Amino acid sequence: MNVLLLHTEIFLRTNIICKCGDIVEKPLVSVILPVYGVEPYLNQCVESLVNQTYRNIEIILVDDGSKDRCPQIIDEWAKKDSRIVPIHKINGGQSSARNKGLDVAKGKYITFVDSDDWVEKEYCEKLLYAMRLYNAEIAVCSFSRIYNRKIVREPFFIDGKSVFYPCVPDQAIKYFIENAIAVWGKMYRSDILKDIRFPEGRLAEEYVFQLKALLSTQVVAFCNKYLYDYRIREDSDAHSIKPKYLLDNIQAIDEAYHVCSEHFVFEQDYCKKHLASLVYEFKSASRFGEDVLLRYSNILNHAIETVGGMDLLINTMDEPENILFYVRTQFGKYMTKQEKRKCNLIIAKIFSWNLLPKYKLRFLLKYLPSAINLDVTSKILSLKK
């Protein structure tokens with residue numbers, strides 16, 4: 001669908017909605033929070049939700065068998081605010097908790113919030129406004145990454161200036177895949193999620209969910225306001241270097257590549273590069289023994305086949321542009337704009353040296369964090385040596 005047809009379609013759909021009087025309604029929004037082991041952060045998160053300017057919300061707090069005081073905190077909040085729906089279940093992982101929230105959600109619209117993050121007071125109001133302005137199935141807002149008290153802004157610009165703007169899934173997929181595949185910071189029309197659930201027992205579960213949702217979507221609305229605050233914790237699963245997390249990522253990107261090759265062909269190259277860097281990282285990590293490689297051989301072999309075989313993988317990761325891609329995907333989320341500019345200068349300097357690419361990569365990983373004053377942990381530095 002081209003831009004003119006998109007805006008014509010939106011105009012017609014929006015006018016029909018206005019005539020039906022739906023614009024003046026205040027539909028219920030379901031906010032789903034999976035909760036596990038976040039006692040230090042949970043109150044801040046829930047408080048940011050109960051203070052939303054848009055009041056017609058249900059806040060579904062799914063305790064996934066937390067062993068700290070999270071269950072008590074949830075029950076205390078439920079006594080204070082009738083909009084809070086407390087759920088307690090045995091531990092099944094984040095996907096299981098989100099699926100439970102989806103099963104009980106009553107809202108016409110659904111949004112997910114991670115329980116160690118928080119949102120701005122207009123989060124629901126602005127996303128809902130964007131949804132209804134363009135009669136979209138999904139709305140997305142800009143967000144802030146908070147890491148060691150440092151704030152890195154992540155804006156979403158397509159047309160370069162507007163606060164609210166629509167696009168088709170073929171445009172949105174680039175931003176989803178490359179910047180924000182996570183389900184937080186987004187709002188969904190509940191009917192498109194009717195037959196979609198998160199794959200349980202896996203990390204990096206949002207790729208499959210997000211791509212399925214996009215395939216059921218005609219219009220994605222963007223709101224370029226910083227409404228979601230994403231806290232980067234060194235102890236969270238999302239920043240783990242355990243073999244399971246790396247393998248779950250490899251499997252998710254492998255699946256994303258095949259979905260993109262069928263429906264979003266222009267993003268398959270990005271997925272392939274990302275997949276190659278993850279497999280290379282896993283295969284070259286000396287801390288993973290042969291037993292780990294054997295245990296996950298099916299996933300690894302399928303991913304290696306996707307990128308074109310092991311020989312091509314090794315040659316690909318020796319190319320400077322792909323080494324740069326790897327470094328940026330590893331470190332980019334921790335950098336401010338100023339640090340990214342400094343990073344580019346450091347990369348240019350190291351690549352001017354007369355060394356084999358693999359040695360340049362080692363220098364980058366050794367000197368880059370300290371050179372731009374990043375508090376990147378030794379965990380990340382140990383990914384390649």
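The values are calculated or read from the model by the stated rules, or taken from the named source; none is laboratory data. Just so you know, these numbers come straight off a predicted model, no measurement behind them. For neighbour counting, all protein chains shown are included, and Cβ atoms are generated from backbone atoms with ideal geometry for every residue, glycine included.
Worth pointing out:
A quick yes/no check of all residues on (1) outside any strand (DSSP E or B); (2) surrounded by fewer than 17 Cβ atoms within 10 Å (Cβ to Cβ); (3) in the same structural domain as Phe198 (by TED's automatic domain parsing):
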{"position": "Val62", "(1), (2), (3)": "no, no, yes"}
{"position": "Lys67", "(1), (2), (3)": "yes, yes, yes"}
{"position": "Ile74", "(1), (2), (3)": "yes, no, yes"}
{"position": "Lys79", "(1), (2), (3)": "yes, yes, yes"}
{"position": "Pro86", "(1), (2), (3)": "no, no, yes"}
{"position": "Asn99", "(1), (2), (3)": "yes, no, yes"}
{"position": "Leu102", "(1), (2), (3)": "yes, no, yes"}
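- Residues located in the range 252-268, provided they are modelled with pLDDT under 75 and exposed (fewer than 15 other Cβ atoms within 10 Å of the Cβ): Val265, Phe266
- Asp116 at pLDDT 90 or above, acidic (Asp, Glu) and assigned by TED's automatic domain parsing to the domain that holds Leu28: yes
- Within the span defined as the range 181-189, every residue fails to be surrounded by 19 or more Cβ atoms within 10 Å (Cβ to Cβ), touching a residue at least 12 places away in the same chain (Cβ under 8 Å) and assigned to a helix (DSSP H, G or I).
- Restricting Asn249, Asn315 to residues that are at pLDDT below 70 and in a helix (DSSP H, G or I) narrows the list to Asn315.
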